[in-house]
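Colleague: The structure follows.
None of the figures in this text is laboratory data; all of them are computed from the coordinates on show. Note that the structure is predicted; figures quoted are calculated from it, not measured. A quick note on method: Cβ atoms are made from the backbone with ideal geometry, for glycine too, and the neighbour counts reach across all protein chains shown.
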Amino acid sequence: ATAILAHQAKLPHGSYHRADELAQVLELLREEFCLERPTLHVEWIVRAIRIFLRSEIEEIGQSLEAVFERLDMGGRCAVLTYNKWEMDAIRSFLRHNEEPGVLDLACQSSRLCKFYPLTSSSKDYS
């Protein structure tokens, strides 16, 4: 990161205006990357920076929230993804927003305690 900022300071306009400018700098720094992380590719770094700058992960979460607010009870939602990070963002959203299923609620408390030992505890976080 320090080397990227140092190269940025040398630019005539003082900042990167296009992704290919940043990619050129990363290409110059490839040797340093190869020593620390030999399997890391410049394209991956540029993609990660683009995803971060465009807030694409947050955008997926906001889109899913909007879809599920409009979805009727019993309705279905199909999501097509192309990248692994998109699927990870969707899984994370679903895990943070899922409710216990009917079977979980119908189980006896002793059985729930077997699967979730903290439920039998009197601790504040149980």
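Colleague: Using θ = phi - 60° and the Karplus form 6.51 cos²θ - 1.76 cosθ + 1.60, what ³J(HN,Hα) does each residue of region 62-74 get, whole Hz, x for Gly and Pro?
Modeller: For region 62-74, the Karplus-derived couplings read 5, 5, 5, 4, 5, 5, 6, 5, 8, 6, 6, 4, x Hz, x marking Gly and Pro.
Colleague: If we sort 73-79, 58-64, 20-26 on the protection proxy, mean other Cβ atoms within 10 Å, highest first, what's the order?
Modeller: Final packing ranking: 20-26, 58-64, 73-79.
Colleague: When the Karplus curve 6.51 cos²θ - 1.76 cosθ + 1.60 is applied with θ = phi - 60°, which whole-Hz ³J(HN,Hα) does each residue of region 75-85 get, with x for Gly and Pro?
Modeller: Ordered by residue, 3J(HN,Hα) equals x, 10, 10, 10, 10, 9, 10, 10, 10, 5, 5 Hz.
Colleague: While we're on this one: With a/c under 1.5 counting as rounded, go ahead and sort region 16-107 into rounded, prolate or oblate using the C-alpha gyration tensor (a ≥ b ≥ c being the square roots of the eigenvalues; past the cut-off, prolate if a/b is larger than b/c, else oblate). Please list the in-between numbers first.
Modeller: Details: a/c = 4.30, a/b = 2.37, b/c = 1.82.
It is prolate, given that a/c is not under 1.5 and a/b is the larger ratio.
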